[in-house]
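Scroll down for the structure; my scribbles are underneath it.
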Amino acid sequence: MNAEGNKSDTDHVRRLQSGDGNAWERFVGEYRRRLVGYFLALGFSADASEDLTQDTFIETVKSINNLRNPDRLTPWLFTIAHRVGMCHLRKEYDSRTWNLEPTPLLHASPGSDPARLRDALASLSPQHRHLLYLRYVLRLSMATISEMCSIRSDTVRKKISRSSALLRVKIQ
């Protein structure tokens, strides 16, 4: 990112940290859809995804002053989203209620049958779907995913490879 982009991000984060309502409105506008899509890709229903997105924004407001590096805003936000989603799973996990709705990940393989891909994704564990979404939909680097999930980069690489292989097997 260029110096001007870094300055803009830094200014935006400072405005968020100062409680600027317009900055928060812009922030929610920029990230709401991406967060909902993230939770949908993890297999949450549309209603649960909306609720978890709101919970993520609430946690973000509470902890925005802990963000020290404005360039890390997106990975930091999705780290919070990951924790919110996993906490929800621990509290209320019931695989029979999961509903994997269409997301960009379902169209990641040209020529593939979206219904078959949706079924294959739904059969993966939330952890596998999570890693695939971070890597292939959000297009985050292995280093960023490693930081977000608090696991080593080589472990992230192996887990994404394993998740991709499982998905390929389930699609066939």
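The values are calculated or read from the model by the stated rules, or taken from the named source; none is laboratory data. Owing to the predicted nature of the structure, the values given are computational and were not obtained by experimental measurement. All Cβ positions, even for glycine, are placed from backbone atoms using ideal geometry, and neighbour counts span all protein chains on display.
Among the residues of region 105-131, the ones that are surrounded by fewer than 18 Cβ atoms within 10 Å (Cβ to Cβ) and modelled with pLDDT under 75 come to 8 in all. Restricting the first member to region 1-20 and to residues that are in the same structural domain as ASN69 (by TED's automatic domain parsing) and surrounded by 11 or more Cβ atoms within 10 Å (Cβ to Cβ), and the second to residues that are of a type in the set (Gly, Ala, Ser) and modelled with pLDDT of 50 or more, the beta-carbon pairs closer than 8 Å and six or more apart or on different chains are HIS12/ALA23; ARG15/ALA23; LEU16/ALA23.
Return the residue satisfying two criteria in turn: it lies in region 42-75 and is among the charged types (D, E, K, R) and in contact with a helix residue (DSSP H, G or I) (Cβ under 9 Å, 6 or more places away or on another chain), and of such residues it is surrounded by the most Cβ atoms within 10 Å (Cβ to Cβ). Among those residues, the one meeting the criterion is ASP55. Only one of the numbered conditions (1) at pLDDT 85 or above; (2) in the same structural domain as TYR31 (by TED's automatic domain parsing); (3) touching a Leu at 6+ places or on another chain (Cβ under 8 Å) is violated by HIS88, and that is (1). For the criterion of being in a helix (DSSP H, G or I) and either touching a residue at least 12 places away in the same chain (Cβ under 8 Å) or under 17 Å from VAL137 (Cβ atoms) (or both), PHE44 fails. Would you mind stating whether ASP154 is farther than 20 Å from ARG33 by Cβ, at pLDDT 80 or above and either of a type in the set (D, E, K, R) or in contact with a Gly (Cβ under 9 Å, 6 or more places away or on another chain) (or both)? Here the answer is yes, as ASP154 does meet what is asked. Number of residues in region 39-73 that are among the hydroxyl-bearing types (Ser, Thr, Tyr) and at pLDDT below 90 equals 1.
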